[in-house]
1. So which residues in the stretch 63-86 are under 25 Å from Arg14 (Cβ atoms) and either under 14 Å from the mean Cα position of the chain (by Cα) or without any contact (Cβ under 8 Å) to a residue 24 or more places away in the chain (or both)?
2. Just for the stretch 38-70: of the residues that are surrounded by 15 or more Cβ atoms within 10 Å (Cβ to Cβ) and of a type in the set (D, E, K, R), which one is farthest from Val87 (Cα to Cα)?
3. Select from the stretch 73-96 the residues that are loosely packed, with under 10 Cβ neighbours inside 10 Å and part of a loop (DSSP other than H, G, I, E, B) and list them in ascending order.
4. Counting just the residues of the stretch 1-28 that are assigned to a loop (DSSP other than H, G, I, E, B) and of a type outside the set (Gly, Ala, Ser), which one comes out modelled with the lowest pLDDT?
5. All but one of (1) among the acidic types (Asp, Glu); (2) within 18 Å of Asn6 (Cα to Cα); (3) modelled with pLDDT under 85 hold for Asp31; state the number of the condition that does not hold.
Amino acid sequence: MSDVHNALHTWLARAYGLRLERVIGSFHVSDEVLSRPASDNPLSWWLQFGNEALAEIKCCPNGMDLCLGEKEPLPFDMAEHGQVIIVDLGATEPWASSPLKNTS
């Protein structure tokens, strides 16, 4: 099993049974439409279960696997190519009604 899979499995094992506390997404927006994401699909998600650290989940460079990261969610400007914005998804569906938020 690769290091990527080991890190993801370890994180999931620690999160198992914990309450989902936060869900954050990063989205690309164009300069013309700064008020809403250009897509409903986030570039990456950050999830926090219980008191565990916020963890970033995104697609690996190989385009096949999921990667786990620990960097903080930060917006950034890509000049004429738009911006990446950070959105709290905790109050949006499907996260708002997730049974993971009701775990004791």
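1. Taking the stretch 63-86 as the starting set, the residues that turn out to be under 25 Å from Arg14 (Cβ atoms) are 64-74, 86.
Hits for the stretch 63-86 are Met64, Leu66, Cys67, Leu68, Gly69, Glu70, Lys71, Glu72, Pro73, Leu74, Ile86.
2. Here the residue is Lys58.
3. Result: Leu74, Ala91, Glu93, Pro94.
4. Going through the stretch 1-28, the residues assigned to a loop (DSSP other than H, G, I, E, B) turn out to be 1-2, 16-19.
Restricting the remaining residues to those that are of a type outside the set (Gly, Ala, Ser) gives 1, 16, 18-19.
Working: Met1: 54, Tyr16: 88, Leu18: 89, Arg19: 87.
If we take residues in the stretch 1-28 being assigned to a loop (DSSP other than H, G, I, E, B) and of a type outside the set (Gly, Ala, Ser), then Met1 is modelled with the lowest pLDDT.
5. Looking at each condition in turn, Asp31 falls short on (2).
The values are calculated or read from the model by the stated rules, or taken from the named source; none is laboratory data. Bear in mind that the values here come from a model prediction, so they are computed numbers and not experimental data. In this analysis, Cβ positions are derived from the backbone assuming ideal geometry, glycine residues included, and neighbour counts consider all displayed protein chains.
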